[in-house]
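Student: Sharing a structure below in structure tokens format, with a few things to ask.
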Amino acid sequence: MKMKQGKLKNEFITDDGNKSYHDLFKFLKKDIGFELVFHKSTIPKALSDVKTEKFIAVNAAWEAYTGYSRNEIIGFSVGDLGLTEQEQGNEIRTKIEQSIAVKSYETEIITKGGYRKEVLISLDTIIFEEDVFVLSEILDRSELKASKELLKIEKEFSQKVLSSLREGLAIFDVGGTIIEVNPALCEMTGFTKE
């Protein structure tokens with residue numbers, strides 16, 4: 001898809017006649033704060049036009065995460081770039097049409113290098129004058145999975161330590177309810193863990 005410079009310094013017209021605002025000229029003319037929050041965020045964020053489904057902006061975190069530069073994606077859609085499988089893209093589009101916000105949608109994105117990453121995407125609809133945009137944010141699930149696995153290993157280790165102690169041990173929550181006991185305490189008291 002070719003782009004040619006339009007009348008406004010920051011407006012580009014795609015060869016299919018759609019407008020793409022490279023630096024959100026129109027979107028930000030009244031709200032400079034959004035640009036600061038959007039571009040300075042460490043969370044990968046993208047802004048798309050609902051009608052055309054084309055990206056109009058991404059932040060540096062999005063570029064780093066996906067491997068695509070702004071210049072490679074502005075004016076293109078998720079489908080154009082193959083960021084998701086077609087079925088997933090259709091499902092995301094349906095969710096956007098049905099709701100103003102999607103807080104966490106599990107999907108997989110395909111980076112520029114062809115790597116598949118499991119992610120949670122949040123989508124918020126933004127209405128500005130007569131235009132409707134979608135703000136999307138990406139959370140990498142692989143980091144969450146690694147954290148869960150680490151917690152599981154730590155819990156198993158703690159359970160083994162508790163079970164091996166010869167002293168009776170009970171663990172209480174802040175409300176005073178027993179939440180865990182070791183086998184030695186059960187043996188000493190005659191009560192079962194349950």
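The values are calculated or read from the model by the stated rules, or taken from the named source; none is laboratory data. Keep in mind the model is a prediction, meaning the values are calculated, not measured. Ideal geometry is used to build each Cβ from the backbone, glycine not excepted, and the neighbour counts take in all protein chains shown. Please note that ligands, DNA and RNA were not included when accessible areas were found on the heavy atoms of the full protein model with its side chains. Shrake-Rupley method; radii C 1.70, N 1.55, O 1.52, S 1.80 Å.
Student: All but one of (1) open to solvent by 50 Å² or more (accessible area, probe 1.4 Å); (2) touching a helix residue (DSSP H, G or I) at 6+ places or on another chain (Cβ under 8 Å); (3) among the hydroxyl-bearing types (Ser, Thr, Tyr) hold for Thr94, so report the exception by its number.
Tutor: Unmet condition: (2).
Student: Test Gly113 against the stated conditions and say whether it is at positive phi, in a loop (DSSP other than H, G, I, E, B) and either open to solvent by less than 90 Å² (accessible area, probe 1.4 Å) or not basic (Lys, Arg) (or both).
Tutor: Criteria not met by Gly113.
Student: Can you find a residue in the range 99-119 that is within 18 Å of Phe38 (Cα to Cα), hydrophobic (A, V, I, L, M, F, W, C) and at pLDDT 85 or above?
Tutor: Scanning the range 99-119, I find no residue that is within 18 Å of Phe38 (Cα to Cα), hydrophobic (A, V, I, L, M, F, W, C) and at pLDDT 85 or above, so the answer is no.
Student: Considering only the range 149-162, how many residues are surrounded by 13 or more Cβ atoms within 10 Å (Cβ to Cβ) and at pLDDT 80 or above?
Tutor: So the count comes out to 0.
To keep it simple, each residue is scored yes or no on (1) open to solvent by less than 40 Å² (accessible area, probe 1.4 Å); (2) among the acidic types (Asp, Glu); (3) farther than 30 Å from Thr52 by Cβ.
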position	(1), (2), (3)
Glu108	no, yes, no
Glu118	no, yes, no
Ser122	yes, no, no
Ser147	no, no, yes
Ser164	no, no, yes
